[in-house]
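Q: If you scroll down you'll find the structure; I have some questions about it.
The values are calculated or read from the model by the stated rules, or taken from the named source; none is laboratory data. Here the structure is a predicted model, which means the values were calculated and not measured. We place every Cβ from the backbone using ideal geometry, glycine too, and count neighbours over all the protein chains shown.
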Amino acid sequence: MSFQSQALSRIDVHAHYYSARYVDLIESEGCNCGACVKRDPRGPIVDVGPLHAGPLRPHFFDLDLRIAAMDEQRVSAQFLSLTQPMVYWAEPSLARRLSAVFNDDLVTAHERYPNRLFGLAMLPVHHAGEALGEIERIAKAPGIRGVYMGTCIGDMELSDPSLFPVYEALEAASLPIFLHPLKVIGMEDRLKQFFLSNLLGNPFDTAVAAAHLIFGGVLDRFPKLDFVLPHAGGALPFLIGRLQHGWTVRPELAHMEKGPETYLGRFYYDTVAHSDDALAYLIQQVGPQRVLLGSDYCFDMGYERPVEVVEKQAQLSAAEQEAIFSTNAARLLNL
């Protein structure tokens with residue numbers, strides 16, 4: 001479809017969705033892989049080891065409630081994505097079926113609201129053969145414009161060569177990768193209390209994932225593959241100077257021809273910073289052309305008024321503001 005500025009003037013690229021069929025499949029077949037679904041009056045609760053989701057309230061499932069919330073937020077379109085527990089805990093066949101069920105439900109959501117809802121597909125990337133088959137199946141599916149991936153894949157970092165065939169296929173298909181924290185550092189020990197696994201673990205895990213993509217040569221090896229970092233890049237924009245200094249003095253980074261600072265502009269970033277000053281700093285660091293509107297719908301850690309967050313950035317021109325609202329996403333996601 002062609003991009004129409006009036007129809008898609010506020011594009012939210014960070015919005016979470018669970019499909020009932022995905023949860024049902026975990027409930028019926030996931031127990032052999034350690035998954036458990038509890039039916040709570042407030043909504044289903046999904047647990048897979050340390051990964052926990054729920055109670056998942058109706059807004060995660062009900063498309064009509066979602067559209068009403070989008071109207072209230074002044075959001076024209078959302079890109080729907082899964083979050084934990086994703087599928088990396090499942091054996092290959094089940095992981096592929098969980099991905100396919102969720103991706104098919106993304107297509108259904110798009111077909112119901114073709115100008116409002118689009119999808120970021122789930123892939124069983126811990127089994128490259130299954131992932132490649134799913135990429136081939138969904139690459140041209142209606143409404144699918146990118147894929148979603150954890151900041152780590154089980155115990156595998158994003159620089160692991162076993163992921164390279166997946167990256168190659170996504171680059172060839174022009175499907176950008178949106179990252180999201182999943183099994184974050186310290187979530188089972190030092191960050192277990194006080195919701196620190198989210199408050200601190202999420203932004204630092206994003207920085208770790210980005211560092212692996214930089215230092216592991218992924219961005220150089222796949223120059224046309226785009227990566228989007230959640231939560232305004234997490235800790236990365238604030239620690240890039242430390243990474244840069246490390247590159248100048250540490251033998252572990254001697255293989256790098258260019259310093260980490262040169263890669264900061266290779267990523268896209270959403271606006272979920274939870275600080276006007278932090279968002280302003282991000283925009284200053286990477287430029288408004290690399291920033292995308294996001295809400296983290298519909299978690300309590302998300303924005304209820306994502307558009308207003310950008311409108312408060314008084315330093316932005318009208319064109320720069322519009323780039324963050326829609327133009328950047330339209331270009332990246334082929335709208």
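Q: What are the residues in the range 175-197 that are closer than 17 Å to MET149 by Cα and either touching a residue at least 60 places away in the same chain (Cβ under 8 Å) or not in a loop (DSSP other than H, G, I, E, B) (or both), if any?
A: Residues satisfying the conditions are PRO176, ILE177, PHE178, LEU179, HIS180, LEU182, LYS183.
Q: Taking the stated definitions as given, is THR206 assigned to a helix (DSSP H, G or I), modelled with pLDDT of 95 or more and under 30 Å from GLU134 (Cα atoms)?
A: For THR206, the condition - assigned to a helix (DSSP H, G or I), modelled with pLDDT of 95 or more and under 30 Å from GLU134 (Cα atoms) - is met.
Q: For VAL272, state whether it is out of contact with any Pro (no Cβ under 7 Å at 6 or more places or on another chain), touching a residue at least 60 places away in the same chain (Cβ under 8 Å) and within 23 Å of LEU332 (Cα to Cα).
A: So VAL272 fails the test.
Q: For the range 245-258, indicate whether the set of residues that are under 26 Å from VAL147 (Cβ atoms) and modelled with pLDDT of 95 or more is non-empty.
A: Taking every residue of the range 245-258 in turn, none turns out to be under 26 Å from VAL147 (Cβ atoms) and modelled with pLDDT of 95 or more.
Q: Taking MET149 as the residue in question, decide whether it is in a strand (DSSP E or B) and either surrounded by 19 or more Cβ atoms within 10 Å (Cβ to Cβ) or not acidic (Asp, Glu) (or both).
A: Answer is yes for this residue.
Q: Then there is this: Could you grab me the full set of residues in the range 41-55 that are farther than 24 Å from ILE185 by Cα and either surrounded by 14 or more Cβ atoms within 10 Å (Cβ to Cβ) or in contact with a Gly (Cβ under 7 Å, 6 or more places away or on another chain) (or both)?
A: GLY43, PRO44
Q: State whether the residues of the range 156-168 include one that is hydrophobic (A, V, I, L, M, F, W, C), within 23 Å of LEU117 (Cβ to Cβ) and more than 16 Å from the chain's Cα centre (by Cα).
A: No, there is no match, as no residue in the range 156-168 is hydrophobic (A, V, I, L, M, F, W, C), within 23 Å of LEU117 (Cβ to Cβ) and more than 16 Å from the chain's Cα centre (by Cα).
Q: Every residue in the range 74-88 that is touching a Ser or Thr at 6+ places or on another chain (Cβ under 6 Å) and either crowded, with 24+ Cβ neighbours inside 10 Å or among the β-branched types (Val, Ile, Thr) (or both), please.
A: VAL87
Q: While we're here: Look at VAL101 and say whether it is touching an Asp or Glu at 6+ places or on another chain (Cβ under 6 Å), in contact (Cβ under 8 Å) with a residue 40 or more places away in the chain, hydrophobic (A, V, I, L, M, F, W, C) and at negative phi.
A: Judged against the criteria, VAL101 is not a match.
Q: Here's another thing I want to ask about it. Can LEU219 be described as closer than 30 Å to ILE144 by Cβ and assigned to a loop (DSSP other than H, G, I, E, B)?
A: no
Q: Another question about this same structure. Filter the range 223-278 for residues that are over 23 Å from the mean Cα position of the chain (by Cα) and under 29 Å from LYS312 (Cα atoms) and give the result.
A: GLY241
For every residue, the table says whether it meets (1) farther than 24 Å from TYR268 by Cα; (2) buried (at least 23 other Cβ atoms within 10 Å of the Cβ); (3) in contact with a helix residue (DSSP H, G or I) (Cβ under 9 Å, 6 or more places away or on another chain).
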{"site": "SER99", "(1), (2), (3)": "yes, yes, yes"}
{"site": "LEU106", "(1), (2), (3)": "no, yes, yes"}
{"site": "ARG116", "(1), (2), (3)": "no, no, yes"}
{"site": "VAL125", "(1), (2), (3)": "no, yes, yes"}
{"site": "ALA139", "(1), (2), (3)": "no, no, yes"}
{"site": "GLU157", "(1), (2), (3)": "no, no, yes"}
{"site": "PRO165", "(1), (2), (3)": "no, no, yes"}
{"site": "LEU170", "(1), (2), (3)": "no, yes, yes"}
{"site": "ALA173", "(1), (2), (3)": "no, no, yes"}
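Q: Another question, if that's okay. With respect to VAL310, determine if the residue is closer than 25 Å to GLY201 by Cβ and among the β-branched types (Val, Ile, Thr).
A: Answer is no for this residue.
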